[in-house]
Each structure stands twice: as structure tokens, then as C-alpha cells.
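Right, one structure below, let's go through it.
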Amino acid sequence: MSDVPDPTPRSVPVPSSLLLVDDCADDRILFRRALRRIDLSPPIEEATDGEEAIALLRSRLAGPPSELPALMLLDLKMPRRSGFEVLEWRRTVPLIRRVPCIVLSSSAEHSDVQRALELGANSYLRKPVTMEELVWLVRAAMIYWLGFNTFAPRLHPGPGHAPVRH
């Protein structure tokens, strides 16, 4: 046997919070259920479209970096502002660029995958069809992103500088 710890959900640290951006209420409910099924219950903030997500993230810029979500899960096809527009905005804000972003979309279009990754998404995952597949996907993503991944340090404004507002 090896001395490498088993990467079970219980060995994954509970993040400060997750930001779930999806216009489909059913998808948000299923994601929360999948987290509960793997015994991981971080605080989850929700946005129902890209406009709401950007407003929420802007509001967090006024506080300490610890108030930013540890991870953002982003749908692409949403009203008002799409996930692509959130990714474009995210690229312009250094502190927000440090928040890993997983696109979680039902689109299998190669152009959507390519565009999302070019705009700075850290990962692109297709929404699964069954609850069992969703639980598996959420477990694997949380183990990787919260257990194995090394995060970049958060940027802090220097002394005497106000937080950057975008």
C-alpha cells in the first residue's frame, strides 16, 4: 500500500464558497443535491444569469479577497449576459481571474468549448443526463479543483490603494 491519501470527498477541504451561475433552477437544485450526496456542503451563492454573476463578483471586490468564491461554475447559454460575456469580463479583472472557473454546459459544440477556453475558462464540462453521472462528475471535479489543484495567490491592493472596481 502507498502512503498517498485516498482522495475521497471527506479528504477535500470545504471551500469558503462556490458561485453557481445557471439560469435553470432545476440544474441548480440538482447540483446542490449532488454535493450533498458526496458529503460536501460548502456555502453556495447563486446567480441566475451573467448580469447577476458580475454584480455579485463586483460586490465582493470591495471586501477582502477571502470573500471571493473559491470556485465558479458557469453555464454558457443564459439571458441578459451569457457565460461567454462573464468570461470576457472576468479577463479584465485581475482578482476575479484568480477564481477558477468551470464551465458546466449542455452544449457539446466544438466552437463553444473552444471559445470558452480561449476566454479563460479553466475547464469545460458537459452537463450529464442522469443524477448518477452528475454525482460522479461533481465528485471528480471537487476532488480535483479543491483537493489536488494548487490555487494562485489572491491579489491584494497595496497599502493606500482602494480595491479596483469594474
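Just so you know, all these numbers are worked out from the coordinates, no wet-lab data involved. Note that this is a predicted model, so its numbers are computed, not measured. Positions of Cβ are backbone-derived with ideal geometry, glycine not excepted, and every protein chain shown enters the neighbour counts.
Here the Karplus relation 6.51 cos²θ - 1.76 cosθ + 1.60, evaluated at θ = phi - 60°, turns the backbone of the stretch 127-140 into coupling constants of 5, x, 8, 9, 5, 4, 5, 5, 4, 4, 4, 5, 4, 4 Hz, with x for every Gly and Pro.
Per-residue Karplus couplings for the stretch 64-74, computed as 6.51 cos²θ - 1.76 cosθ + 1.60 with θ equal to phi - 60°, are listed in order as x, x, 5, 7, 6, x, 6, 7, 10, 10, 10 Hz, Gly and Pro entered as x. The stretch 37-104 and the stretch 120-137 have Cα centres separated by 17 Å.
Between amide H atoms placed 1.01 Å from N, distances below 5 Å from Met78 occur with Gly83, all of them 5 or more places distant or on a separate chain.
Counting every other Cβ atom within 10 Å of each residue's Cβ, Lys77, Lys127 order from fewest to most as Lys77, Lys127. 3J(HN,Hα) along the stretch 87-100: 4, 4, 5, 4, 4, 8, 10, x, 5, 6, 4, 6, 7, x Hz, from the Karplus curve 6.51 cos²θ - 1.76 cosθ + 1.60 with θ = phi - 60°, whole Hz, x for Gly and Pro.
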